[in-house]
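So the structure is just underneath, and the comments pick up after that.
The values are calculated or read from the model by the stated rules, or taken from the named source; none is laboratory data. Here the structure is a predicted model, which means the values were calculated and not measured. We place every Cβ from the backbone using ideal geometry, glycine too, and count neighbours over all the protein chains shown.
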């Protein structure tokens, strides 16, 4: 009985992987913005990025 | 398991002989009449000679504590194809490391099939019969016995004494009888050798669930739950370990095939590439937009890569992948930093000159990128190349699925090993006792 459950589990898991690949899912967190004005093409500086206040890490040993 | 229906009609009511205990005067019933040699009075526990006309007293007992058999003497039940009547009951005890362990034995009688035994230890039951053929004993580090082509591994040897008896027995029985018991197991069966007075008897038992016993003898309530793992208790994982690993093998093959298919069939199409220079000292507007490019096909991933020539510096890029038609945008950021040098440990580097982001499920359409680079205001100019690739596989799902596929078989294997570990922990061959 357990191995039948495992067969179902493995099929669901691999099916999920295949579906995720097909749909192009990824783990990146992106912010989706609606209705970006077309004027951005002419004035790129007018766009307020969601990441404008991102705190940068300044590296170096 | 459930009791099979009796192969033959229940035997007619057994011929019962009634007598009075010469020790206490209580009535004593003899059900196995012709076969019964000794009978122990249920009231005073005196052992009587059933063959003697005067019912001679063979032994009297001083026990104060009475044991109530779970199967009352005289009870009849259909078990393994025959109807049996419980006619005798004894408690036997072994000492292991000074600790007494007791089990119960019920003597069952069928006038056509003879005698059988039901043994019980902490809710574990065995249906036992004596064997006619002589098993072959094989000595070794862990001795074995072979009977009817079946190999049994030695489990435990101990000296058992009879510590309580009531009812009838077809042999001379006394309180304090001592026998050496050697148990061999091959679950669900157990082969036992009892040696007493220079004679030995082999018997074979098969594990029976308490529920089956309860159903067979129509006992009230429910069978007591079995405690721990018994020597010949069948493992609930038997056969499952190999089966689940076989399935896991198929699943791994499917995993590899799927991975190969994804690597082969994913488009991985470069739809945009262009190089730029950002000079923070110039002080102008840093942000820019790229030319439009076409993303085709089903909603799929888009990889945005940035390759720089940074040297002991950092740059932060704010990106927006904007759909020129709908105005929908995907906002994300990427920091690129690359440092290197030399110290007392030798050469070192930190970070990298390149980075990328995989944007999930981007619908088809015409898109452009808005890019806003940022650096230290006094930093040297950076030369960077942006590239956009459509339909890029994310192997992360594969690497997550791989351990998830293997966890259940490992879990079943560990559980199975734990079950067997508990079984053998109680044996003479427990791992911790090897050095004793």
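The set of residues in segment B:239-255 being more than 10 Å from chain A (Cβ to nearest Cβ) and surrounded by 12 or more Cβ atoms within 10 Å (Cβ to Cβ) is empty.
If you filter segment B:381-395 down to residues that are surrounded by 15 or more Cβ atoms within 10 Å (Cβ to Cβ) and more than 53 Å from the chain's Cα centre (by Cα), you find that the one that is nearest to residue B:254 (Cα to Cα) is B:386.
Residues in segment B:87-99 that are within 14 Å of residue B:169 (Cα to Cα) and either under 35 Å from the mean Cα position of the chain (by Cα) or without any contact (Cβ under 8 Å) to a residue 60 or more places away in the chain (or both): B:89, B:90, B:91. Among the residues making up segment B:306-321, those that are surrounded by 14 or more Cβ atoms within 10 Å (Cβ to Cβ) and over 19 Å from residue B:364 (Cα atoms) are B:306, B:307, B:308, B:309, B:310, B:312, B:313, B:314, B:315, B:316, B:317, B:318. The criterion of at least 2 residues that are in contact with a helix residue (DSSP H, G or I) (Cβ under 6 Å, 6 or more places away or on another chain) is met by the following strands (runs of 3 or more DSSP E) wholly inside segment B:46-102: B:76-79. Screening residue B:267 with (1) surrounded by 14 or more Cβ atoms within 10 Å (Cβ to Cβ); (2) free of Cβ contacts under 8 Å to residues at least 24 places away in the same chain gives one miss only, at (2). Identify all residues within segment B:151-187 that are under 15 Å from residue B:58 (Cβ atoms) and in a strand (DSSP E or B); write none if there are none. If the condition is that a residue be under 15 Å from residue B:58 (Cβ atoms) and in a strand (DSSP E or B), then B:162, B:165, B:166, B:167, B:168, B:169 are the ones that fit.
Select from segment A:5-38 the residues that are modelled with pLDDT of 85 or more and more than 7 Å from chain B (Cβ to nearest Cβ) and write down the one among them that is farthest from residue B:358 (Cα to Cα). So, considering only residues that are modelled with pLDDT of 85 or more and more than 7 Å from chain B (Cβ to nearest Cβ), the one farthest from residue B:358 (Cα to Cα) is A:5. Residues in segment B:272-295 that are within 14 Å of chain A (Cβ to nearest Cβ), under 17 Å from residue B:307 (Cβ atoms) and assigned to a strand (DSSP E or B): 3 in all. For segment B:412-427, the count of residues that are over 26 Å from residue B:183 (Cα atoms) and touching a residue at least 24 places away in the same chain (Cβ under 8 Å) is at least one. Residues that are surrounded by 13 or more Cβ atoms within 10 Å (Cβ to Cβ) and within 29 Å of residue B:334 (Cβ to Cβ) within segment B:396-436 comprise B:396, B:397, B:398, B:400, B:401, B:402, listed in sequence order.
Restricting B:66, B:56, B:116 to residues that are in contact with a strand residue (DSSP E or B) (Cβ under 7 Å, 6 or more places away or on another chain), closer than 26 Å to residue B:18 by Cα and surrounded by fewer than 15 Cβ atoms within 10 Å (Cβ to Cβ) narrows the list to B:56. The set of residues in segment A:39-61 being out of contact with any helix residue (DSSP H, G or I) (no Cβ under 9 Å at 6 or more places or on another chain), modelled with pLDDT of 80 or more and more than 7 Å from every other protein chain (Cβ to nearest Cβ) consists of A:42, A:43.
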